[in-house]
Ligand SMILES: Cc1cc2nc3c(=O)[nH]c(=O)nc-3n(C[C@H](O)[C@H](O)[C@H](O)COP(=O)(O)O)c2cc1C
């Protein structure tokens, strides 16, 4: 395919796969697209191990990384959580009572303290730690760094460009995209509200062309709601140079999602991918579950700001729930395309299905316009 994003990375098809799972990253790149590993808040040691594995398995194909990087190295204000500061008792009781009543056993005393320490470490990730993680990644043949938290710091953009690495960032509004262009990004990812994970409130149908126009001629990837070939075709028709998809890979045999959560996804429809602040404190599209629904009931407390709500959920909820795989509480970030997920298939099959349906859409359009 002749798109600016294919030319930029020397890839066959402009399908960019965001995934926390290295197997998905490798398979998408090998199928002709571009795998991007979500590193969230990994330690440098973990980054080294994951990228070594990718380098050994990817047959020299290009791949990228996605990081949570504050736009200035001295700015970590919205990522700090003070574990000494007690979680409000009303909130802790709310979660504990909910799980007790549902028969979800508490964490064993012996493990609880260590689990909590690990959670705090993951949440209180400093800019210096982000930098150490990126330094490690820069020693690998990565071709792309994408930031989820805004524009990258200028120093990082310059370092990346000096090594021939391209830089992109996620945008939910044209003004974010313009800021990324100003910061030196090579392209932007326009994320519509349909997307899994943290997302804004404008739909892809409206957002994609508005960002394309705002930053032209800079290339834009359409994200949010790409689960099939007709949506890939729509992104191209709306002016995008390719797509960035995250939820789609969760149904694959290679994905990191447990069989129980995968099954819940296969049973869900589009409206079960709810936008909720209950998991992280910020609007995050995630699979409907009893925990999130409890916050909508009369008498429930309002959710806490980020990252305290995230800490509450991990400490008091998620760890307890996942130990015993309590189905009604199990959840995972996923977008509205969950309604189109019905069975497990391989990553390669997903890519081929996307391309086949896109070609059908092209023929249909040709027939209509002829
Ligand atoms: C399970 C999951 C985890 C995500 N985590 C991140 C993340 O750590 N960093 C990030 O930039 N985006 C993250 N996203 C959002 C994706 O980058 C992407 O914007 C989104 O998945 C696109 O919409 P779609 O889900 O409809 O494909 C996540 C998405 C999912 C589904």
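What the table shows:
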{"read-out": "Inter-probe distance in nm under a simple model that places probes 7 Å from Cα toward Cβ, at residue 357 and residue 1", "value": "1.3 nm"}
{"read-out": "Rounded to 10°, Cα long-axis angle of helix 347-369 versus longest principal axis of the chain", "value": "50 degrees"}
{"read-out": "Antiparallel DSSP beta bridges within the chain, percent to nearest 5", "value": "20 percent"}
{"read-out": "Relative contact order of the chain, pairs being alpha-carbon contacts under 8 Å that are 6 or more residues apart, as %", "value": "18 percent"}
{"read-out": "Linear extension gain, residue 203 paired with residue 342, 0.36 nm per residue minus alpha-carbon span", "value": "47.7 nm"}
{"read-out": "Gap separating the Cα centres of region 229-295 and region 1-38, nearest whole Å", "value": "19 Å"}
{"read-out": "Helix 127-137 vs. the chain, principal-axis angle (Cα, 0 to 90°, nearest 10)", "value": "50 degrees"}
{"read-out": "Separation of the residue 366 and residue 328 label points, Cα + 7 Å toward Cβ, nm", "value": "5.4 nm"}
{"read-out": "Rounded tilt (10° steps) of 89-101 against the dominant C-alpha axis of the chain", "value": "90 degrees"}
{"read-out": "MRE, 222 nm, helices only [DSSP H, n ≥ 4, -39500 (n - 2.57), over the chain, to nearest 500]", "value": "-12500 deg cm²/dmol"}
{"read-out": "Among 61, 175, 264: highest mean-square fluctuation, GNM of the chain, C-alpha pairs under 10 Å", "value": "175"}
{"read-out": "Whole-number D in µm²/s for the chain (Stokes-Einstein; Kirkwood sum over Cα pairs; 37 °C, 0.692 mPa s)", "value": "155 µm²/s"}
{"read-out": "Residue 118-residue 140 FRET efficiency (beta carbon distance; Förster radius 25 Å; 0.05 resolution)", "value": "0.50"}
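FYI, it's all coordinate maths here, none of it is from the lab. Small disclaimer: the values here were computed from a predicted structure and weren't measured. In this analysis, Cβ positions are derived from the backbone assuming ideal geometry, glycine residues included, and neighbour counts consider all displayed protein chains.
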